[in-house]
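The structure under discussion appears below in the form of structure tokens.
No lab work stands behind these numbers, since they all come straight from the coordinates. Worth saying up front: this structure is predicted, and the values here are computed from it rather than measured. Cβ coordinates were reconstructed from backbone atoms using ideal geometry, including for glycine residues, and neighbour counts include every protein chain displayed.
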Amino acid sequence: MLDDLRALGAAPGGILMVHGSLRKIGLARGSFGPGGADLLLDVLDRLVGPDGTLMMVLGTAYHHDWVNQHAPAERARLLAGSDPLDLSAAPAIAEVGWLSEAFRRRPGTIVSANPSGRFGARGAQAEQLMRGQPWHDYYGPGSPLQKLCEAGGRILRLGADPDTVTALHYAEYLARLPDKRRTRWDYLLRTANGPRHAWVECLDDSEGITAWEGEDYFALILKAYLAAGRARRGLVGAAPSELIDAEDIVRFGTAWMEANLPGRQLLRMDIPKS
């Protein structure tokens, strides 16, 4: 795998944001056995070396996320008495895959403190990437995604689904569109002073910033980007993979959204975060 990654153009140093499918690489438990995620993470650590940094999106598995199907005014009552969310121990959401959860658990990984937009990073620039993430609009200005772009970071996609390019959420903030759709997520958080009800407001990163029919527009953006020949492509293990300049795809995605997405005000307060 290390040779595959080097042939793709990945090299020591810098920042790599990784999206990976263990199944497509050939490292899933069912086919490879236990330890596939740790094997891949060992290879990635070796790839970037002591001067490099790895980053992944984690999200937060929250058993009481169902309250976000209800009106905001009802959520504090519905959360009262429930087990508070311990951000220091909460697993990554299932949809990002076991690789991200194995990354979160790995000694030396630093995890950001936002329950909705939680990232993990390890390596030379990990603390800088995770520090000071905005509470609201956690994918926007000041976020780890903006820092990734400004630091010349790259995105490594290892068999990931085409709608899996988290950096495009930053493009949603940059796109000049009217009436972007917004939402809110509520939590009961564990703190040193006891449980605390808190909420996060942001662009709607679950259903999209505007009404859109058909295939996920993140997938359409990635397909257009790859068709334009702007990524390095190859196989890593058995997985079709891409190495992408983060700032470049954010710039490309911003322009695509401005050209293709309609703008319509619809404040979403009733969609559960998956």
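Values computed for the structure shown
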{"quantity": "The chain: Cα Rg divided by the 2.2 N^0.38 Å rule of thumb", "calculated": "1.00"}
{"quantity": "Share antiparallel - DSSP beta bridges, the chain, percent rounded to 5", "calculated": "70 percent"}
{"quantity": "Whole-angstrom gap from segment 10-64 to segment 121-162, using each part's C-alpha centre", "calculated": "15 Å"}
{"quantity": "Kirkwood hydrodynamic radius of segment 11-127, Cα pairs, Å", "calculated": "15.7 Å"}
{"quantity": "Residue of Ser241, Ser112, Ser82 that the Gaussian network model of the chain assigns the largest fluctuation, springs spanning Cα pairs under 10 Å", "calculated": "Ser82"}
{"quantity": "Calculated [θ] (222 nm, deg cm²/dmol) that DSSP helices of n ≥ 4 give over the chain, each run adding -39,500 (n - 2.57)", "calculated": "-9000 deg cm²/dmol"}
{"quantity": "Separation of alpha-carbon centers, segment 194-217 and segment 229-245, rounded to whole Å", "calculated": "29 Å"}
{"quantity": "Rg to Rh quotient for segment 56-114, alpha carbon positions, Kirkwood Rh", "calculated": "1.04"}
{"quantity": "Dipole axis of segment 163-266 (+1 Lys, Arg; -1 Asp, Glu on Cβ), positive-most option in Leu203, Tyr187, Ala175", "calculated": "Tyr187"}
{"quantity": "Within segment 156-245, trypsin sites (Lys or Arg not before Pro) in DSSP loop having at most 11 other beta-carbon neighbours inside 10 Å", "calculated": "Arg176"}
{"quantity": "Sparsely packed trypsin sites (Lys or Arg not before Pro) within segment 106-150, loop by DSSP, other Cβ within 10 Å at most 16", "calculated": "Arg131"}
{"quantity": "Proximal charge balance of Pro107 [Cβ under 13 Å; K/R count +1, D/E count -1]", "calculated": "+1"}
{"quantity": "Gain on full stretching of the segment that runs from Ser31 to Ser82 - 0.36 nm per residue minus C-alpha separation", "calculated": "14.5 nm"}
{"quantity": "Bins of 5 Å, starting at 0 and running to the largest distance - Cα pair percent for segment 1-58", "calculated": "4, 18, 28, 26, 16, 7, 1"}
{"quantity": "Within segment 10-157, percent of DSSP bridges classed antiparallel, to nearest 5", "calculated": "45 percent"}
{"quantity": "Summed residue charge, Cβ within 10 Å of Gly36's Cβ, Lys/Arg positive, Asp/Glu negative", "calculated": "+1"}
{"quantity": "Ala255-Ala7 pseudo-label distance in nm [points 7 Å out on the Cα-to-Cβ vector]", "calculated": "3.2 nm"}
